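Okay, so here's the structure we're looking at.
The values are calculated or read from the model by the stated rules, or taken from the named source; none is laboratory data. Note that the structure is a prediction, hence the values are computed from the model and not measured. Glycine gets a Cβ as well: all are built from the backbone with ideal geometry, and neighbour counts include every protein chain shown.
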Ligand SMILES: *Cc1c(COP(=O)(O)O)cnc(C)c1O
């Protein structure tokens, strides 16, 4: 078959929303009023929102149809059974528990197995997973491969776990103190990099040997399966669903945020074979989420997730998704913007430490770049750096984080290739005057989850911003 070069969205658009166009002066004012914290900006003042790919995807006409026909029965709803059957068929796990989003599943799982003196090991915990492990009293231990921490050097499976480190850690700690191993696919905290089937199997074999249950944190399982198809020997002809099933076969269970690869705006699940654990999980579920056939969800949400979990297995979609993300990454590299290489599944991560070496860590280079992207182009991204990690010394000063990244997360099926070209154009403009970009200073910052509510100001404000007329940004 003829292979075309153009990246084509494998869908056409049936329903649209306007973008938030603003003037330069308006954005300068909005940013100032938001205290240089992009979480404080009203979404309708944003042109291209790359804050997160979580819950921001576009549902298909089929999913919207499912929203209308969803069964809202309290117990035993048809939509629940569609949801359960789809997940059983995909994962092979027999116990399915719906939750309102990923972190609710994490909380329930950790109440079963967490606690003081316990260690949960992972290729890398996602932040809410880590927070739930630690709030149970247990310690979250990340054991990523070394290549995962080298941003500049491409490798096919930088999301992998370091199996030697796992063996050593088990030897040191004792398997009885490790109630769970979590493999995050793709590895969100390290740039959305995939985990190979070989690595999943190696982790499984170590865990089995020591009787440690292994779960997948499978928010982006289909993107991971597609990378396996592309990059791992022996998978190039295998259908995505089969690869996904083989991934689930390596583990004893999974937790999923359906806001990612299930194309849903809300939802999640826990799935496993262990009937003892699932019974206990359902007892907690009923206290905090709801009855076992709806968790924290409406029937229509269960229906949309069941449909989304089938749609995500479409190889044409995944090919477009991964190519489009890579296209953005390559576009930035061409403008001399350093990024984590190779590009991951759901986004591009810009290395702000390298791009803006003249800004010290205490002046938040990644947050400064994120603010520029809004100021110049109305693009919202998220800082993953000193502000997000927010560790302080005794005097209360910020300690530099290991990395200063700006994440451009791409919502699923929402933006077209021309939006992606626009983002590249904005970066090109920023690259030209990067030396003039100033750092930021803290005005006010809480001790926990600093990045959500911190207030900042530019180190040196050269231009006095005048309030434009006919604009209200209350
Ligand atoms: C988003 C995410 C979660 C948490 O899910 P929520 O639905 O946001 O609560 C957990 N793990 C990974 C890998 C995620 O990407």
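A search for C-beta distances below 8 Å between a residue of the range 185-200 that is within 29 Å of residue 51 (Cβ to Cβ) and any residue that is modelled with pLDDT under 95 and away from the ligand (no atom under 15 Å from the Cβ), counting only pairs 6+ apart in sequence or on different chains, returns 190/149; 191/151. Total residues in the range 278-312 satisfying the condition of being over 22 Å from the mean Cα position of the chain (by Cα), part of a helix (DSSP H, G or I) and touching a residue at least 24 places away in the same chain (Cβ under 8 Å): the figure is 10. If you check 82, 40 for being within 29 Å of residue 267 (Cβ to Cβ), at pLDDT 95 or above, surrounded by 14 or more Cβ atoms within 10 Å (Cβ to Cβ) and outside the structural domain of residue 302 (by TED's automatic domain parsing), only one passes: 40.
Pairs are defined by a Cβ separation below 8 Å, a sequence spacing of at least 6 or placement on different chains, a first member in the range 248-273 that is over 25 Å from residue 58 (Cα atoms), and a second member that is assigned to a loop (DSSP other than H, G, I, E, B) and near the ligand (Cβ under 10 Å from one of its atoms); the pairs so defined are 248/218.
Wholly within the range 24-136, which helices (runs of 4 or more DSSP H) include no fewer than the required count, namely at least 1 residues that are away from the ligand (no atom under 16 Å from the Cβ)?
Values: elements: 24-33, 61-69, 78-91, 102-113, 127-135.
Fully inside the range 24-136 and qualifying: 24-33, 61-69, 78-91, 102-113.
Selection of helices (runs of 4 or more DSSP H) fully inside the range 187-272 by the criterion of at least 2 residues being within 15 Å of the ligand (Cβ to nearest atom) returns 221-231. Only one of the numbered conditions (1) outside the structural domain of residue 74 (by TED's automatic domain parsing); (2) under 29 Å from residue 40 (Cα atoms); (3) surrounded by fewer than 19 Cβ atoms within 10 Å (Cβ to Cβ) is not met by residue 340, and that is (3). Among the residues of the range 157-185, those identified as within 28 Å of residue 351 (Cα to Cα) and either in the same structural domain as residue 403 (by TED's automatic domain parsing) or in contact with a strand residue (DSSP E or B) (Cβ under 6 Å, 6 or more places away or on another chain) (or both) are 158, 159, 182, 183, 184, 185.
Checking each residue in the range 401-431 for being buried (at least 17 other Cβ atoms within 10 Å of the Cβ) and part of a loop (DSSP other than H, G, I, E, B) picks out 401, 403, 404, 410, 411, 412, 413, 415.
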